[in-house]
Structure formats: C-alpha cells, structure tokens
1. Give the ranking of 511, 429 by solvent-accessible surface, highest area first, calculated with a 1.4 Å probe.
2. Roughly how many nanometres apart are two label points built 7 Å out from the Cα toward the Cβ at residue 549 and residue 124?
3. Counting only residues 5 or more places away or on other chains, whose amide H sits under 5 Å from the amide H of residue 587 once H atoms are built in the peptide plane?
4. Given labels modelled 7 Å from the Cα in the Cβ direction, how far is it in nm from residue 97 to residue 574?
5. In whole Å, how far is the Cα centre of the stretch 365-391 from that of the stretch 8-68?
6. Which whole-Hz couplings ³J(HN,Hα) result when phi for each residue of the stretch 515-525 is put into the Karplus expression 6.51 cos²θ - 1.76 cosθ + 1.60, θ = phi - 60°, listed in order with x for Gly and Pro?
7. In nm, to one decimal, how far is the residue 350 label point from the residue 385 one, both placed 7 Å along Cα→Cβ?
8. Take the solvent-accessible surface of the protein heavy atoms, probe 1.4 Å, and return the percent of it on the stretch 118-211 that carbon and sulfur atoms account for.
Amino acid sequence: MAGAAAEERRLATVVESWLGRPVLVIGDAMLDEWRFAESDRLCREAPAPVLTLRRRISAAGGAANTAVNVAALGGRAVLVAPVGADVAGDELHDCLDRAGVWDRTVAQPGRHTPVKRRMLAGNQILLREDSGDPDDALDTDGVQRLLTALECATEELRAAGGETPTLVVCDYGLGALPAPVRAWLVAARDRYATIALDAHDLADWRGLAPTVVTPSFAEATRLLARAASRTDSHLHLDHPAADPTDGPSELSVGTAPGAAGSPAVSAPAGMPGAGARGAEAPGAGVPGAAPPPAGTSLGPPTGGTGEPTPGEDRVAMTGDGLSVTGTGVTVSALAGEGVDRAVLAEARLAELRAHTGADVVAVTLDTEGAVVGGTDGASRRSHSTPVPASHAVGAGDAYLAAMTLALAAAAPLPTAAQLAQLAATITVSDTGTCVCRREDLLHALGARGDDAGHPVLVAPDELAAIVETQRGAGRAVVFTNGCFDVLHPGHVRYLEQARALGDLLVVAVNSDGSVRRLKGPDRPVNPVEDRVALLAALACVDHVVIFEEDSPAGLIEVVRPDVYVKGGDYPPEMVPEAPLVRRLGGQVRTLGYVPDRSTSAIIDRIRAHGHPATPVEPEQVDARRHAAVPVEPEQVDARGSRASTPGRPA
C-alpha cells in the first residue's frame, strides 16, 4: 500500500508540474453534435424507428478537442485551425471559449466547418451524418492567413510564459494542413521543444521528426504497408487455393465483436487510447510480426481523406501470411494461439520509429490499450476496459493531450504512457465527446485536487497562499514539525495520525544547520534534500516546508494551524508552542511514540553493530536527550480522544 501511495504521489507530481505549460495545437478542427432522442414505435413507411428529439449537445471535436483536453488538464492551449464562417463555426468558437482555449482559428468564407452529427436512442448511436468536404482545399489567401496565425500564436505563447512552446499536429485529412503549412512546420521544427503528431497518413510528415506519434492500429498498418509497397515493383496478391478458416474473415472498424468461435472477428469502436480521432472510431489494422511471405505482395498506397480509405479499414484473416492489398490488410490465421495485435505491434515498433522519425511511437489498440516504444528499444503495454462506443468518442484526444504534456514536462516515457492511458480511461464513463479534467486525473491518482497546482515541497512564502485557499474552502489545516532525520515506521504512523486530525497536513522540517544546533555536530545523518524527498513521497503528507530557525514559531504564525501536532507522551500544556497556537485560535495535540522506534535508538543500534546486543527498554529519549520518558500504553486516536490500545503509534 505504501509503495502504491508513493507511486500515485509521484504521478500526481508530474501532473502538477505541467500546469500552465504552453501548447500550440494545429490541425483539423470539427464540431461534434449529439442528438438524444426517444423512440417507442416504427413508422408506417418503413421498418424504421420514429424519433422524438429530447436533447442536443455540441462539443469541440478533432484538433479542437485535443486543445480542449490540453486546457482541461492544466496546459495553456492555443488552437490554430481553419474554421468555416457558418453556424457550426460559431458553435465551435463557443466551445473553445468555455474550455479556456486561446482561439486563434482562421475563418474561411465559403468553406464549411466539419461536423459529425450523431443521433442516439436509448444511448445507442443509430446513425452519424458527416458534413464538410475534405476536397474543399484552402485557397492561397486562406493558406497565407493560416501561416500568419501560426507565426503569431507561436510568438504569443513564447512571450506569455517565457517557455519554448510544445506543438501538437492533428492531421485527419480534412484539408487543414496543406503542403505549404506542412513545409512551414517542418522548417520551424526547432521553435518547439516537444512535437506530438497524430495523423491518418503518417507518411506525409516524415521530415517533421516528431517527439511522439500516436497512430491507431490501422494507421500504423497503412504506414508499414505503403513503405513496403514502394520496394515491390510487382503488385499482385496471391491467395491460397483453400482457406483453412473457411473464407476470409474481416475486422471492420466500428462493428460489434463477433461471436466466440466465429471466424469473423470485429474491432470494437473507439476506446480509451484508441486513436479515436476526435469524433471518429479508431482504425483497426495489424502490423504483422514478420515480413510478408514469399509470393505475397503489397498494394499501392492511397491517400487519407479524414476517414480510413475505402477498404483500408478492413483486415482479413487468411492462411497465406501477412499481405496488404488495395482493399485491406491480411494476416495469417495460423500465426499461433495467443498472438494478438499488441504482440504484432510490439514487433514493428522499431520500424514505425524509423519510418516516422519519431523518438516515441504509441500504437493505440482501442479495447486493448496501447503499446509504446521509445529510443531505448523497450516496449511498454497499457490496458483499458471495454465500454460502449458512444462513451469513447475523443478518448484518443485525451490520450494524446496527456502524453504530450507529460513528455513536455520531461517525464520518463513509462510515466507518460501510464498517465496518457489513465487520462483516456477515466473519460469514458458516459456518452459524449471525451474530455479529461486535471482534477479528475488527480482524483484517480488518489491526490486531493483541491490543493493541486502546488508541488508537495513549497517555500515558506508560498505556504501562506496555499493555506489561505484551503481554509477559505472550509478545510482544517494540521501542522507539525521535526527533524525527521532517519525516517522510520514510528514517523509514518505519527504522520498518518496527524493527517487524520484534519484535511491538510503541512510538515515543517528543520534545515541541516538547525538540526546541528539542536542535536549536535554529528547530525543530521541525512541531508535536508533527502529528508524532505522521503516525506513528500508519503500519501498522508500534503506539503513540506523547510525552516532555518530552531523554533517553528514563525511558520506557525504564517500557517495559523487549526491543529498543531507534536510527538511525545507529555500533556499539550508542556509543548513550548502551545500558547502561540492557542492565541491564534488553534488546538494542540500530542501523539505518542512507538517503543524502540526513535531516530536516536536506530542510530545507536547502527553504531553499536558488531557489539553484543543489549536489551532495549520500553522508553524513549526526548528530543534533547536529557531524560528518559516512560511510554504509557495509550495513544490519541484520529479524533483526538484518548483510547487504550496495546500497540503504540508513532
């Protein structure tokens, strides 16, 4: 449990560290429209339900939803994208404003804002209507205004925070990123610290050298297939005369899973981390675990159009090994039991990195999570839980946003992958376009989001503002102090009890100089950096502050704690700081120690190592090591009342 709490705290620290990080998002922005209807009868004209519209919701989609997720997770998001001068464009502007995204979209008269409209009944999607023509290219003036917006947004972000901004490119083939814009981004690559790429056709972006790419399974497959096709001058397909699976079985994007035992296997619709691009279901594809067998060839590449190219969203299981055709991808049905998409994706991570020029490749696998590989050559697997397709729209945007922010904050790749999967997973609880809020992510990590935005270790001048905010929200602040030189179970139990007395625990730690004055020239054993790092890793500790003085009186006046806690088996009246705390309106509590669990006793045992052991008496030397204080078999419980117990807490 302690290890899990420390891990959650470590992850929460990463989430806190990316607060305010500047992120520029560019790409295909769209509007998601959800229409919720009821139906209790069929119409006379056809066996179709009669729908009565009850509710309508609009949300940002595509690149716009990625920007919304960046903002919701605590980043400073700016969106640059072409948007139609129409009603859908106006609604999209409203969505961005509500989410706190800096709206730097460029109006394109005569061009429609892409919209994905879903009609639902009984929480089931009955149909989806798409509008917006991907072939409606930007004119010369539109391209120039988009480039100007890019330049201005980049400088605006840099000037606002003084940091080099992060870039996220969302290319779904809807025409927002024509060749001149791609060329500008490649040429300006050094102006961005971290670059994340989410593209249907990754081959268009090889020169960008992104930090991370997040292809869906089908997108990764198409990239490998097209790369292989360029080396095969004889385009044909050899199928076996007899198929042991009784005919090709297909994996079709967006369909329900096939029945167990059936030769048909279907890829579920968009899932957490699935590469569900804004409002799309994820692609399904299989990067094979081995090169195509002899006699099998690869079909010609085709262009992306915002949805998988017709036929490219299909994967056929045949007996002739891996083959790719103009109408899909096939992989051997005899590949062996236990071989799954994750295994196949892992086998091709190095190739995907080579073809994209990316440091990190995250292949998203809808219901199966994701497979992530970096420069160290190791692969990492994350998992997700199946949910209805209507719950997972845009989960890939949440995955992309969290992955980008974590990498931009210099988090290790395993940490970034873990946070990205968690962000995608916690967004899929209901129907609608997925957005992960920072508070929800911290809550999922066991952190208290109310004081989020502040690191665990804070400076004394930061503490007053933090405490004021907490007290303004009606929370009780608990304060304690000590040297905590050699952290031991007695300390942990003592701090856990202290935290139970209120809502926020602040631990003040004596500096090295202060410890030497109190304990002698041979202390502290551990420097203050190590001592505060261990305390900050405890789940029960909210904030740690270092003080140079011998007494915490100055900090007590700053914090004005509701409860001041000291360790010891003496009455609260004997605590030197008690009059000050009470004058400030607080209470004083003393919590007993565990026999033989003091720092001094542990140090003495270490120094006596190799000498005959001597019995340890159930007594505790006080902080100044003048007198032995007997330990009574009682403790203060979590509510501050005395309770008779056989075991003693710290």
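1. Most to least solvent-accessible, the answer reads 429, 511.
2. Label at residue 549, label at residue 124, 7.0 nm between them.
3. Hits under the 5 Å cutoff: 563, 564.
4. 6.6 nm
5. If we compute the Cα centre of each part, the gap is 21 Å.
6. My calculation for the stretch 515-525 gives 5, 4, 5, 7, 10, x, x, 8, 10, x, 6 Hz in order.
7. 3.7 nm
8. 50 percent
The values are calculated or read from the model by the stated rules, or taken from the named source; none is laboratory data. Keep in mind it's a predicted model, so treat the numbers as computed, not measured. Counting neighbours? That spans all protein chains shown, and the Cβs are built from the backbone with ideal geometry, glycine included. Note: accessible area is taken over every heavy atom of the protein model, side chains too, but ligands, DNA and RNA are not part of it. Shrake-Rupley method; radii C 1.70, N 1.55, O 1.52, S 1.80 Å.
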